[in-house]
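Okay, structure first, notes after.
The values are calculated or read from the model by the stated rules, or taken from the named source; none is laboratory data. Remember, predicted model here, so these are calculated numbers, not experimental data. Here the Cβ is made from the backbone with ideal geometry for all residues, glycine too, and neighbour counts use every protein chain on show. Just so you know, the surface numbers come from the protein's heavy atoms only, side chains and all, with ligands and any DNA or RNA stripped out. Shrake-Rupley method; radii C 1.70, N 1.55, O 1.52, S 1.80 Å.
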Amino acid sequence: MSSPMSASNFLKALKNEGLTVVQVGDWRTHNRNHKGPWGPVHGVMLHHTVTKGTARTVEICRDGYAGLPGPLCHGVIAKDGRIHLVGYGRANHAGLGDDDVLRAVIAEKRLPADNESNTDGNRHFYGFECENLGDGKDPWPAVQLEAIEKAAAAVCRFHGWDGPSVIGHLEWQPGKVDPRGFSMNGMRNRVHDRLK
């Protein structure tokens, strides 16, 4: 069982992994903690934003929109590989997902198919939104994929986790398709290799 790292340790972990970090406003205290607990944490969840343009993407992920208040993640990974920190603590990114998937993440085992939405993922996962239209055509630049790998590895390294602790939203909640355009198994392998 892992307590979330402090905001300062989160920033340090990302920088130590070689990431260029942009701190957005009051990100350290911008959260949804009043809606429920943050932690224990068990993994990292990746998403695509369905947006275009880094400034607008960061704004949406920080502030949210009607019906879904921000922050919508902890960090936004832009196409240029920079990570914009928009919140820390409970964030509206994972929603309800499958408890069998959570148990597999905790055990770092092969993920079962997600077929129910009965568990609060916002409590248990760090979330990274990755700038991409998610249409299967919008490219994923190599520098962005490397930043995704580094961000996930930074969190895993701090907690002593490995690649299986990194999942996509599509593996957590039935009906979700993100992140679309790269393989989650491939990304888990990249994270594992980085952590060796």
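Under Stokes-Einstein, with the Kirkwood radius over Cα pairs standing in for Rh, what whole-number D in µm²/s applies to the chain at 25 °C and 0.890 mPa s? Working shown, then result.
Numbers: Rh = 16.2 Å.
Answer, rounded: 152 µm²/s.
Just to confirm a number: summing +1 for Lys and Arg and -1 for Asp and Glu over residues other than residue 168 whose beta-carbon lies under 14 angstrom from that of residue 168, what do you get?
Numbers: positive: 176, 180, 188, 190; negative: 98, 114, 129, 149, 171, 178.
Result for the neighbourhood of residue 168: -2.
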- Would you mind computing, in nm to one decimal, how far apart the modelled labels at residue 113 and residue 9 are, each placed 7 Å from Cα along Cα→Cβ? 3.8
- Interchain or sequence-distant (5+) residues whose placed amide H lies within less than 5 Å of the amide H of residue 51 are 132, 133
- Note on the structure: Phi-derived 3J(HN,Hα) across the stretch 126-133 with the Karplus relation (6.51, -1.76, 1.60, θ = phi - 60°), rounded Hz, x for Gly and Pro, is 6, x, 10, 8, 10, 5, 5, 5
- Karplus 3J(HN,Hα) series, Hz, for the stretch 155-164 with 6.51 cos²θ - 1.76 cosθ + 1.60 (x for Gly, Pro): 5, 4, 4, 4, 8, x, 8, 10, x, x
- Rounded to the nearest 10 Å², the accessible area of residue 156 using a 1.4 Å probe with every protein chain kept is 0
- Note on the structure: Expressed as a percent, the accessible surface of the chain that is carbon or sulfur, using a 1.4 Å probe and the full set of protein chains, is 49
- Item | Alpha carbon centroid spacing (whole Å) that separates the stretch 142-165 from the stretch 1-80 | 14
- Item | Rounded to whole Hz, the Karplus (6.51, -1.76, 1.60) HN-Hα couplings of the stretch 170-184, x for glycine and proline | 5, 8, 9, 10, x, x, 7, 10, 9, x, 9, x, 9, 7, 5
- Taking every pair of alpha-carbon atoms in the stretch 87-150, what share in percent sits in each 10 Å bin, from 0 to the bin with the longest distance? 19, 35, 40, 6
